1. When segment A:36-53 is examined, which residues are found to be out of contact with any Leu (no Cβ under 7 Å at 6 or more places or on another chain) and either among the basic types (Lys, Arg) or within 14 Å of chain B (Cβ to nearest Cβ) (or both)?
2. Of everything in segment A:53-85, what is assigned to a helix (DSSP H, G or I) and either touching a Gly at 6+ places or on another chain (Cβ under 7 Å) or more than 27 Å from residue B:200 (Cβ to Cβ) (or both)? Give them in sequence order.
3. I need a count of the residues in segment A:54-91 that are of a type in the set (S, T, N, Q) and within 8 Å of chain B (Cβ to nearest Cβ).
4. Of all residues in segment A:1-15, count the ones that are over 16 Å from residue A:79 (Cβ atoms) and within 8 Å of chain B (Cβ to nearest Cβ).
5. Which residues, counting only those in segment B:307-324, are surrounded by fewer than 20 Cβ atoms within 10 Å (Cβ to Cβ) and assigned to a strand (DSSP E or B)?
6. Only one residue in A:2, A:53, A:9 is under 25 Å from residue B:303 (Cα atoms), polar (S, T, N, Q) and open to solvent by less than 20 Å² (accessible area, probe 1.4 Å), so which one is that?
7. Which residues, counting only those in segment B:188-212, are more than 9 Å from chain A (Cβ to nearest Cβ), surrounded by fewer than 18 Cβ atoms within 10 Å (Cβ to Cβ) and under 20 Å from the mean Cα position of the chain (by Cα)?
8. If a residue must be open to solvent by less than 80 Å² (accessible area, probe 1.4 Å) and either free of Cβ contacts under 8 Å to residues at least 24 places away in the same chain or over 16 Å from residue A:24 (Cβ atoms) (or both), how many such residues does segment A:68-89 contain?
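The values are calculated or read from the model by the stated rules, or taken from the named source; none is laboratory data. Given the structure is predicted, the values throughout are model-derived calculations rather than measurements. When we count neighbours, we look across all protein chains shown, and the Cβ atoms used for this are built from the backbone with ideal geometry, even at glycine. Calculation scope for accessible area: heavy atoms of the full protein, side chains included, ligands and nucleic acids excluded. Shrake-Rupley method; radii C 1.70, N 1.55, O 1.52, S 1.80 Å.
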Amino acid sequence: MSLEPGLISYAALASLALSVMKHRPTPALAFMPLPTMARVTGWLLLAVALLLSLWRFGGPQGVVAWIGQTCVAGAVFVLMLSWRSHAAFTLAVVGFFVAVAMAFA
Amino acid sequence: MSKAFSGEMRLRQSMAWIHTWLGLLAGWILFAMFLTGTASYFRPEITQWMQPELRLAPVAPRRAAETAVAHMQATSPDDQQWFIYLPNDRTPETRIFAMPKPDPGAKEPKNRSAEIKLDPATGAALNARDTCGGEHFYRFHFQLQLPHPWGRWLAGLCAIFMLAAILSGVITHKRIFADFFTLRWKKGQRSWLDTHNVSAVLALPFHAMITYTGLIALIVMYMPWPIAANYAKHADFYADAYGREADGDASGKPAALKPIGPMVDAASRQWQGGRPRTIVIRNPNDSAATVTILRSGADRLNARGESITYSGATGAKLSQSSPPGAALTTAGVMLGLHLGNFAGPVLRWTYFLLGLTGTAMVGTGSLLWTAKRRKPGAKPFFGFRLVERLNIATIACLPAGMAAFLLANRLIPAGLEGRAALEVSAMFWTWFGLAALTLLRPVRCAWVEGLALSAAAFAALPLVNMVMTDRGLFTSIASGDWLFLSFDGAMLAIAALLGFGSWRAAQVRVAPPRRQRKAAAAEFRPKELLDVA
């Protein structure tokens with residue numbers, strides 16, 4: 001089960017959302033990076049997801065898997081954000097660490 | 001207003017016009033194509049579910065090839081051709097189509113035999129209920145149950161509309177990045193626009209890819225002229241492109257067919273472990289016999305596999321497909337991307353969810369058309385009512401039809417003559433029947449009840465499966481039968497989704513005064529819930 005790219009992409013998109021003023025949750029999260037920091041982190045995480053995907057699925061399929069899982073992660077994130085915005089961001093952190101654990105397991 | 005700005009406005013407006021009307025015209029068919037296409041990502045799994053009698057353990061290709069040939073040698077050794085589909089990870093049985101020798105007296109060439117299903121481990125013929133299985137959704141996805149070639153033409157036309165709608169939609173959408181994550185609930189038209197935008201933008205790579213590759217998959221049919229200009233006969237093009245198929249006649253001199261096992265091994269060795277998928281044996285037991293082994297595409301993006309042909313009488317390699325050029329590789333990869341046969345479980349579920357996102361995009365687009373034109377208090381014009389009713393007929397009723405197809409599989413007796421066709425009829429009678437019935441109800445009730453009935457039909461599937469087969473939900477959990485377990489889970493999830501839709505439809509008030517909307521919804525909830533139940 002190679003879900004790591006999707007989980008990392010979810011965290012990446014959550015981070016990118018934090019760089020947009022209107023999506024920054026109120027009250028603020030316990031840990032909330034500044035918009036610029038959030039944007040850089042988001043793009044970096046997207047790159048990490050791509051590398052993980054290439055590693056897990058191999059060349060051509062890795063690209064397909066990365067795009068596909070990022071799209072699904074985006075849909076899930078937007079649904080969560082519109083429903084329970086704090087949970088949406090918490091899930092990103094949880095998902096990130098689950099992905100790291102899975103990658104090293 | 002500067003000149004450039006007004007020019008841009010005009011472009012946006014004309015694109016919005018194209019987007020609205022192309023999308024509306026093709027929307028209902030596209031919704032059905034997206035939904036059945038999404039289901040088709042699980043084509044072999046649906047077929048397995050629809051033949052619950054079959055329980056087979058996986059078998060290596062070589063063993064399956066040997067038992068298949070042994071079976072055919074015992075039953076019809078004098079055929080002109082045996083077409084053998086070997087089992088794989090997703091289809092556990094061996095499938096064979098045999099073609100008898102042409103009768104010199106008969107005018108028409110004989111058709112190939114009915115499908116023969118074998119247990120790959122023993123070569124014994126399998127008896128399972130007759131069904132189209134997942135093949136039905138797959139065929140409907142691009143043939144729309146219309147006579148050839150009209151279904152494919154209509155599907156292609158809709159795909160072109162879809163592609164145009166995607167391009168014009170991207171140009172029209174002013175705030176792609178500003179509204180990238182924006183989804184606001186309970187705001188009427190605004191909410192539909194948000195849902196349409198989000199489902200389209202977030203999965204845009206998938207939508208663009210699937211529409212384009214879908215169109216390309218049938219390109220030879222839609223654009224036959226380049227081939228017509230260069231080849232006198234269509235078949236010559238295929239011979240040039242994919243290599244000439246072994247179609248020689250029998251010599252009349254009998255010669256025993258060499259064992260198939262070593263040929264399968266040799267092919268697999270040459271493909272560096274690539275699995276054989278199909279074996280075509282021409283003129284078996286003749287000195288001119290040929291054995292063509294085709295490679296499985298399950299491990300590569302390219303859907304078109306290579307092939308190797310052996311002599312059936314000596315076992316020597318005769319020829320192999322020439323390595324494909326750039327154009328054929330591109331075509332093969334396009335088709336592969338569309339079909340997703342290369343995808344393992346994770347990637348296949350990803351494709352499935354993206355397909356659902358596409359379905360949501362098309363559905364919300366059609367809903368948006370009415371949401372934009374709804375005028376509280378005014379009598380709706382004819383076109384508005386037509387679109388509204390067609391939306392209900394498609395979005396609320398098609399899922400019920402698909403569930404009916406699966407329910408019919410469990411409820412029609414397994415031995416009944418012509419049951420496969422009955423299953424298909426069940427889908428369309430339920431779909432169109434329910435759509436007709438919703439006409440009798442006011443629009444709001446039609447939405448709520450149509451969606452609720454669809455939800456009920458899906459929720460009934462695990463129950464009916466439990467009663468009618470010995471592979472019910474609890475048995476699957478106990479025995480670790482992943483396929484049946486996932487199938488029941490997916491049916492319940494779809495039922496929950498449709499039920500949620502029905503519940504939401506019951507809650508929404510038609511254009512109430514803005515401030516009172518929340519209170520009104522809360523006040524009416526118990527009554528509406530009763531209506532649903």
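1. Going residue by residue through segment A:36-53, those that are out of contact with any Leu (no Cβ under 7 Å at 6 or more places or on another chain) are A:36-37, A:40-41, A:43-53.
Once the filter is applied, which keeps residues that are out of contact with any Leu (no Cβ under 7 Å at 6 or more places or on another chain) and either among the basic types (Lys, Arg) or within 14 Å of chain B (Cβ to nearest Cβ) (or both), segment A:36-53 yields A:43, A:46, A:49, A:50, A:52, A:53.
2. Quick first cut of segment A:53-85, residues assigned to a helix (DSSP H, G or I) only: A:53-57, A:59-83, A:85.
Hits for segment A:53-85 are A:53, A:54, A:55, A:56, A:59, A:69, A:72, A:73.
3. Looking only at that region, the number is 3.
4. 3
5. Let us first name the residues in segment B:307-324 that are surrounded by fewer than 20 Cβ atoms within 10 Å (Cβ to Cβ), namely B:311, B:314-324.
B:311, B:317, B:318, B:319, B:320, listed by residue number.
6. Details: A:2 fails: open to solvent by less than 20 Å² (accessible area, probe 1.4 Å); A:9 fails: under 25 Å from residue B:303 (Cα atoms).
Unique residue meeting the criteria: A:53.
7. If the condition is that a residue be more than 9 Å from chain A (Cβ to nearest Cβ), surrounded by fewer than 18 Cβ atoms within 10 Å (Cβ to Cβ) and under 20 Å from the mean Cα position of the chain (by Cα), then B:208, B:212 are the ones that fit.
8. Initial filter on segment A:68-89 (open to solvent by less than 80 Å² (accessible area, probe 1.4 Å)): A:68-78, A:80-82, A:85-89.
If we keep only those that are either free of Cβ contacts under 8 Å to residues at least 24 places away in the same chain or over 16 Å from residue A:24 (Cβ atoms) (or both) too, we end up with A:68-76, A:78, A:80, A:82, A:87.
Qualifying residue count, segment A:68-89: 13.
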